[in-house]
Amino acid sequence: MAKQQVSVPDIGGAEGAEVIELLVAVGDEVELEQSLIVLESDKASMEIPSTAAGTVVELLVSEGQELSEGAPIVVIESAVETEQPASPAIEEASAEEQPEAKLDNAAVEPASKPVELQERTVEVPDIGSDDPVELIEISVAVGEQVAEGDSLVALESDKASMEVPAPFAGEVLKILVAEGDSVKQGDDLMVLRAVAAEADATVPLSSALTPADSTAAPAISTAAPALAAKVERQLEKVEKAIEPVVAGQQSGDSKSAYAGPAVRKLAREFGLDLGKLSGTGPRGRIMKEDLHTFVQKSLKGGVAVAATGGAGIPPIPEVDFSAFGEIENESLSKMAKLTAANMQRSWLNVPHVTQFDDADITDLEAFRKDLKAEADKRGTKLTPMPFILKACAVALRDNPKFCSSLSGDGQTLIYKKYIHIGMAVDTPAGLLVPVIRDVDKKSLWELAEEVIEIAGKARDRKLRPDEMRGGCFTISSLGGIGGRGFTPIVNAPEVGILGVSKADVRPVWNGEEFKPRKMLPLALSYDHRVINGGDAGRFLTRYVALLSDIRLLVL
Ligand code: CAO
């Protein structure tokens, strides 16, 4: 038994890359080149492969820690020494043995002759177009051993994405590109140290190598036994990882999913468990498109996507605004956070449609003016709101679907036989929606007083919880503030909300001439699962008629 410490290899000069995922725990059996941790710098994320096989006996890092080249990661206890030349275990081993020979002995039969190492530059192969394409993913890290056919990078054009496979097996020495680069056929991608073998065990170089390379090093072995064994091991490892996914099972294990660092990063951003995805890339590798397809399908099918929240919706990226100028942070009040959550919940759950119309309130306004003296005598104020409420109660009575709610399972429509209307009130602390009960049974004067009373209570934060419950429908009036129209969000589980904007005098054609009329802009948003366009059209037309001729209110 020998203990080996695995350290961070050359990570392309990235200082202080953050450990974003631990892929192993103490006691785990790891194989050579199995990923141990995922590091993320500001430019890329990379999996750090093990340089030893055995049991993890010590984990020397934790998530969130920042590491640079040479930092120790784990200690592995191995029964058999591995090929890491610099590791203490190898140094302690027999001085006569060469590292390559040791690997060969441990793995399969020894190669007939020691293998020779050659450096090769891998270029962008023929991608079927001379146009540049975006390099969307680097799938390997410096120091990583790759087998022939392993994906090195992924490219994406307007039409497709494709992986560039390793044209031969070897070690990644240098990466010459970065994610987001624009590349075209013939551009250098990376330098690999390939293993060349005897002439009788050779195959031609892949077409991804340049003719110059081909002449200088005419052949790369895929038949060298040690290398073949290594490729075999890698394939087994990959197959083991993707097996449950390919079989259509949900492994639920993101870590064992076969995906590159960029895809893992994206999955984390989406809050997705990669173990639930099937990959369409070579050998079942999960590609970015697979993530996109999965999220799209899940949204359509209403499947709960994310174990970690977000419902599969990509988060809005965090921006350091202080980089652009002075900023000030203000913590949100509990009410503001609650309002935000309610709005988002309704917006995401309810398919909204908004329908617009204008009511001619010229006569209503004249009547309201006539009542001003009476209002003063009563010590109250008659704004358009009591009329808006009263007309709404009649329209709700005549269109009972707007006074309904869909049951939680979506199987039943629950009609409410009472008419309680919520009224959005703008307060310094945030938006509140107190509910006026039995609007249909109250007079304009009663409504006028109640509007003043509950709006005042809302602004003074004196509303009781039961005064904000039980609404069938909501009215949001911005008439006193201004604006020509807005699309209100349904206050679910209610199915409709009426947005009222500022009335103004406009020329209206009466069939013979233009006349100045006071027009009130209205916007009716509704839950399209319950209300169809015809229902909404009937409701709004009736409502407009009621406000335009308030005599109808008493019928
Ligand atoms: N068009 C033109 N003028 C209007 C109007 C309209 N649609 N509605 C009200 N007005 C006038 C009123 O007559 C009053 O004028 P005077 O002071 O000259 O009499 C003035 O605007 C102020 O009215 P008000 O807004 O105080 O009273 P209200 O009864 O119309 O509304 C309330 C009460 C509580 C609904 C309102 O104060 C309020 O808070 N509105 C905001 C609701 C809101 O934030 N909605 C958005 C929700 S979604 O984010």
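The values are calculated or read from the model by the stated rules, or taken from the named source; none is laboratory data. Note that the structure is predicted; figures quoted are calculated from it, not measured. Virtual Cβ from ideal backbone geometry, glycine too; neighbours counted across all protein chains shown.
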Checklist entry - What is the residue count in region 536-555 for residues that are surrounded by fewer than 19 Cβ atoms within 10 Å (Cβ to Cβ) and part of a helix (DSSP H, G or I)? => result 10
Next on the checklist: Residues to consider are LYS462, LYS442, LYS457, LYS401; find the one that is of a type in the set (D, E, K, R), more than 14 Å from the ligand (Cβ to nearest atom) and touching a Pro at 6+ places or on another chain (Cβ under 9 Å).
Outcome noted: LYS442
Checklist entry - Quick one: is THR339 polar (S, T, N, Q) and touching a strand residue (DSSP E or B) at 6+ places or on another chain (Cβ under 8 Å)? => result yes
Checklist entry - Between a first residue in region 144-155 that is touching a residue at least 40 places away in the same chain (Cβ under 8 Å) and a second residue that is hydroxyl-bearing (Ser, Thr, Tyr) and part of a loop (DSSP other than H, G, I, E, B), which pairs have beta carbons less than 8 Å apart while being 6 or more apart in sequence or on different chains? => result GLU148/SER206; GLU148/THR222; ASP150/SER139; SER151/SER139; ALA154/SER139
Checklist entry - Here is a list of conditions, (1) within 15 Å of the ligand (Cβ to nearest atom); (2) of a type in the set (D, E, K, R); (3) over 38 Å from the mean Cα position of the chain (by Cα), and ARG538 meets all of them except one; can you say which number that is? => result (1)
Checklist outcome for this item: From the option list ILE414, ILE419, single residue qualifying as in a strand (DSSP E or B), more than 14 Å from the ligand (Cβ to nearest atom), β-branched (Val, Ile, Thr) and within 25 Å of SER525 (Cβ to Cβ) is ILE414
Item to check | Whichever residue in region 391-415 is under 26 Å from VAL544 (Cβ atoms) and without any contact (Cβ under 8 Å) to a residue 40 or more places away in the chain and, among such residues, is surrounded by the fewest Cβ atoms within 10 Å (Cβ to Cβ) | outcome: TYR415
Next on the checklist: Scan region 60-73 and tell me whether some residue there is at pLDDT below 75 and either of a type outside the set (A, V, I, L, M) or in contact with a His (Cβ under 8 Å, 6 or more places away or on another chain) (or both).
Outcome noted: no
Checklist entry - If we scan region 380-387, do we find a residue that is within 24 Å of SER501 (Cβ to Cβ), of a type in the set (S, T, N, Q), away from the ligand (no atom under 15 Å from the Cβ) and surrounded by 15 or more Cβ atoms within 10 Å (Cβ to Cβ)? => result no
Item to check | Residue count, region 360-379 (criterion: touching a residue at least 40 places away in the same chain (Cβ under 8 Å), within 13 Å of the ligand (Cβ to nearest atom) and farther than 26 Å from PRO516 by Cα) | outcome: 1
Checklist entry - Pairs under 8 Å by beta carbon, first residue among the polar types (S, T, N, Q) in region 464-478, partner assigned to a loop (DSSP other than H, G, I, E, B) and within 9 Å of the ligand (Cβ to nearest atom), six or more apart or different chains? => result THR474/ALA424; THR474/VAL433; THR474/PRO488; SER476/ALA424; SER476/PRO488; SER477/PRO384; SER477/ALA424
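Listed here are the residues, each with its yes/no results for (1) β-branched (Val, Ile, Thr); (2) over 51 Å from the mean Cα position of the chain (by Cα).
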| position | (1), (2) |
| --- | --- |
| ASN349 | no, no |
| ASP360 | no, no |
| PHE367 | no, yes |
| ASP370 | no, yes |
| LYS377 | no, yes |
| ILE388 | yes, no |
Checklist entry - Mind checking which residues of region 422-435 are in a strand (DSSP E or B) and away from the ligand (no atom under 11 Å from the Cβ)? => result VAL435
Checklist entry - Before we move on, is GLY456 out of contact with any helix residue (DSSP H, G or I) (no Cβ under 8 Å at 6 or more places or on another chain), loosely packed, with under 15 Cβ neighbours inside 10 Å and in contact (Cβ under 8 Å) with a residue 40 or more places away in the chain? => result no
Checklist entry - Identify, please: which residue in region 467-483 is outside any loop (DSSP other than H, G, I, E, B) and farther than 25 Å from LEU413 by Cβ and is, among those, nearest to the chain's Cα centre (by Cα)? => result SER477
Checklist outcome for this item: All-but-one check, THR487 against (1) among the β-branched types (Val, Ile, Thr); (2) more than 41 Å from the chain's Cα centre (by Cα); (3) over 24 Å from ASP440 (Cβ atoms), failing number (2)
Item to check | Unique match (being within 21 Å of ALA391 (Cα to Cα) and either modelled with pLDDT of 95 or more or out of contact with any Ser or Thr (no Cβ under 6 Å at 6 or more places or on another chain) (or both)) among GLY483, GLY471 | outcome: GLY471
Checklist entry - Is there any pair linking a residue in region 269-280 that is within 17 Å of PRO315 (Cβ to Cβ) and of a type in the set (Gly, Ala, Ser) to one that is modelled with pLDDT of 80 or more and surrounded by fewer than 21 Cβ atoms within 10 Å (Cβ to Cβ), with Cβ under 7 Å and at least six apart or on different chains, and which? => result none
Checklist entry - Take the residues of region 478-512 that are in contact with a helix residue (DSSP H, G or I) (Cβ under 7 Å, 6 or more places away or on another chain) and near the ligand (Cβ under 8 Å from one of its atoms): which is farthest from LEU406 (Cα to Cα)? => result VAL500
Next on the checklist: Condition first: under 20 Å from GLU365 (Cα atoms) and exposed (fewer than 13 other Cβ atoms within 10 Å of the Cβ). Now tell me which residues in region 516-535 satisfy that.
Outcome noted: PRO516
